[in-house]
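Scroll down for the structure; my scribbles are underneath it.
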Amino acid sequence: MLASGAAALALAAGSVVPGNPLAPAPSEARADGGKTTLTVAVAQSVDSLSPFLAQRLLSTSIHRLMYDYLTNYDAKDNKAIPGLATAWEPSADKLTWTYTIRPDSKWSDGQQATAEDAAWTFNKMMTDEGAATSNGSFVGNFEKVTAPSKDKLVIELKEPQATMAALDVPIVPRHVWEKVGDFSKFNNDKDFPVVGNGPFILTDYKVDSFVKLKANKDFWRGSPKFDELVFR
């Protein structure tokens, strides 16, 4: 199946969102030896495959397929629903937020995704200017981020912040990203497959040509409807 434009990006992401009316049936995609592939025609090129650097819509849309966020959006009313976090609760003064991290999310290399990964992601953005390129505005008001246990993430704020139930920040695996030197130059486009915990896994990329992803069969919400996505 060949799709195009912003609707195609929504369709690709929606293929794993329950209740999304844009979700296509597998028979709509091209079948190659039993494998279903959705090819998405795009007019924009990827600026970076690093979730810390990407600015363009195509790039950030691909990151939504590669990584989980603390919360997602309900397609029906755009309200926050569980993502990597199954629950989130503010303190009475709205200065401390506690997130419960789901136990059934795994990185594509088999390791469990934990609150420590989330804490490390936010702390890196708070302390590294390069890592704050894309989403630094979300953490500018953060005072402290900790992971008291593998399923509890605690974010302390300088003052109340309206976006705490909708932090649009991809959570990355600490054991992979802590090896990166200069975040301002690392584009995450050399070693494949790229470790993630989203519905799809990045398997190949050629500058100004294509981005290829395969379905993450172990995604906690269930396997996507497509075996492969190709953006070109």
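The values are calculated or read from the model by the stated rules, or taken from the named source; none is laboratory data. Just so you know, these numbers come straight off a predicted model, no measurement behind them. Please note: Cβ atoms are built from the backbone with ideal geometry, for glycine as well, and neighbour counts cover all protein chains shown.
Could you list, in sequence order, all residues of segment 195-221 that are polar (S, T, N, Q) and either part of a loop (DSSP other than H, G, I, E, B) or crowded, with 20+ Cβ neighbours inside 10 Å (or both)?
Within segment 195-221, ASN197, SER209, ASN216 qualify.
Taking segment 170-194 as the range and being closer than 25 Å to THR86 by Cβ, touching a Ser or Thr at 6+ places or on another chain (Cβ under 7 Å) and either at pLDDT below 95 or surrounded by fewer than 21 Cβ atoms within 10 Å (Cβ to Cβ) (or both) as the test, no residue passes. Taken over segment 126-155, the criterion of being in contact (Cβ under 8 Å) with a residue 24 or more places away in the chain, hydrophobic (A, V, I, L, M, F, W, C) and farther than 20 Å from GLY83 by Cα is satisfied by ALA131, ALA132.
For residues in segment 37-51 being in a loop (DSSP other than H, G, I, E, B) and among the hydrophobic types (A, V, I, L, M, F, W, C), which is surrounded by the fewest Cβ atoms within 10 Å (Cβ to Cβ)? If we take residues in segment 37-51 being in a loop (DSSP other than H, G, I, E, B) and among the hydrophobic types (A, V, I, L, M, F, W, C), then ALA43 is surrounded by the fewest Cβ atoms within 10 Å (Cβ to Cβ). Reported count of residues in segment 170-187, each being assigned to a loop (DSSP other than H, G, I, E, B), of a type in the set (A, V, I, L, M) and either touching a helix residue (DSSP H, G or I) at 6+ places or on another chain (Cβ under 8 Å) or under 14 Å from SER108 (Cβ atoms) (or both), is 2. Among all residues of segment 188-196, there is none that is in contact with a helix residue (DSSP H, G or I) (Cβ under 8 Å, 6 or more places away or on another chain) and among the charged types (D, E, K, R).
Return the residues of segment 52-85 that are part of a strand (DSSP E or B), surrounded by 18 or more Cβ atoms within 10 Å (Cβ to Cβ) and of a type outside the set (A, V, I, L, M); say none if nothing qualifies. Correct list: THR71, ASN72.
Given the condition touching a helix residue (DSSP H, G or I) at 6+ places or on another chain (Cβ under 9 Å), modelled with pLDDT under 95 and over 24 Å from LYS206 (Cα atoms), answer yes or no: does some residue in segment 52-70 qualify? Checked segment 52-70: no residue is touching a helix residue (DSSP H, G or I) at 6+ places or on another chain (Cβ under 9 Å), modelled with pLDDT under 95 and over 24 Å from LYS206 (Cα atoms).
I need a count of the residues in segment 86-107 that are polar (S, T, N, Q), assigned to a loop (DSSP other than H, G, I, E, B) and closer than 27 Å to LYS158 by Cα.
Result for segment 86-107: 1.
From the set of residues in segment 146-169 that are in a loop (DSSP other than H, G, I, E, B), among the hydrophobic types (A, V, I, L, M, F, W, C) and in contact with a Ser or Thr (Cβ under 9 Å, 6 or more places away or on another chain), which is nearest to GLU129 (Cα to Cα)?
VAL169
The residue that is farthest from the chain's Cα centre (by Cα), counting only those in segment 146-156 that are buried (at least 19 other Cβ atoms within 10 Å of the Cβ) and of a type outside the set (Gly, Ala, Ser), is ILE155. Among the residues of segment 197-209, the ones that are without any contact (Cβ under 8 Å) to a residue 12 or more places away in the chain and in contact with a helix residue (DSSP H, G or I) (Cβ under 8 Å, 6 or more places away or on another chain) come to 0 in all.
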